[in-house]
Amino acid sequence: MKRIYKGKTKLRIQIDTKCDLSGYEDVTVRAVNPLDEVKTFPAVVKDVENGLIFFDIQEETDFDISGWWTLWPEVRFDDDRTACGRAVRFFVYEAGSI
């Protein structure tokens, strides 16, 4: 499936941060919906050295508005350094749309 649909929960979003995450303490993903509301999702580190993370959509309200969204990863390291990844835009569709 190549589309993200509003209100669906069978979805895993995987992100390549393109940096070594050794020493990370916390990884989150922030998303801004079409109404400029910010949502935060806890992420799981899949591969520390290659910087691969993911998060699973849990609730129908996670992506609850159709339209253009912006998403980026944020990492906090155990020495209190922080880093943000490059933001990407994606479209959330209404179910049944073409």
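The values are calculated or read from the model by the stated rules, or taken from the named source; none is laboratory data. Keep in mind it's a predicted model, so treat the numbers as computed, not measured. Note that we place each Cβ from the backbone using ideal geometry, even for glycine, and neighbour counts take in every protein chain shown. Heavy atoms of the whole protein, side chains included, go into the accessibility calculation; ligands, DNA and RNA do not. Shrake-Rupley method; radii C 1.70, N 1.55, O 1.52, S 1.80 Å.
Can we say L71 is over 25 Å from A95 (Cα atoms), surrounded by 13 or more Cβ atoms within 10 Å (Cβ to Cβ) and either touching a residue at least 60 places away in the same chain (Cβ under 8 Å) or not hydroxyl-bearing (S, T, Y) (or both)? Spelling it out, it is not the case that L71 is over 25 Å from A95 (Cα atoms), surrounded by 13 or more Cβ atoms within 10 Å (Cβ to Cβ) and either touching a residue at least 60 places away in the same chain (Cβ under 8 Å) or not hydroxyl-bearing (S, T, Y) (or both). Taking the criterion of being open to solvent by less than 50 Å² (accessible area, probe 1.4 Å) and not in a strand (DSSP E or B), the residues of region 46-68 that qualify are G51, I57, D62, F63, I65, S66. Applying the criterion of being charged (D, E, K, R) and more than 14 Å from the chain's Cα centre (by Cα) to the residues of region 60-98, the residue that is farthest from D16 (Cα to Cα) is E94.
Within region 36-55, the set of residues being touching a strand residue (DSSP E or B) at 6+ places or on another chain (Cβ under 9 Å) and either over 15 Å from L71 (Cβ atoms) or at pLDDT below 95 (or both) comprises V44, V45, K46, D47, V48, N50, G51, L52.
Among all residues of region 82-98, there is none that is open to solvent by less than 60 Å² (accessible area, probe 1.4 Å) and out of contact with any Phe, Trp or Tyr (no Cβ under 9 Å at 6 or more places or on another chain). For V92, the criteria (1) touching a residue at least 60 places away in the same chain (Cβ under 8 Å); (2) aliphatic (A, V, I, L, M); (3) not in a strand (DSSP E or B) hold in every case but one, which is (3). Does A95 satisfy being under 21 Å from K6 (Cβ atoms) and in contact with a strand residue (DSSP E or B) (Cβ under 6 Å, 6 or more places away or on another chain)? Judged against the criteria, A95 is a match.
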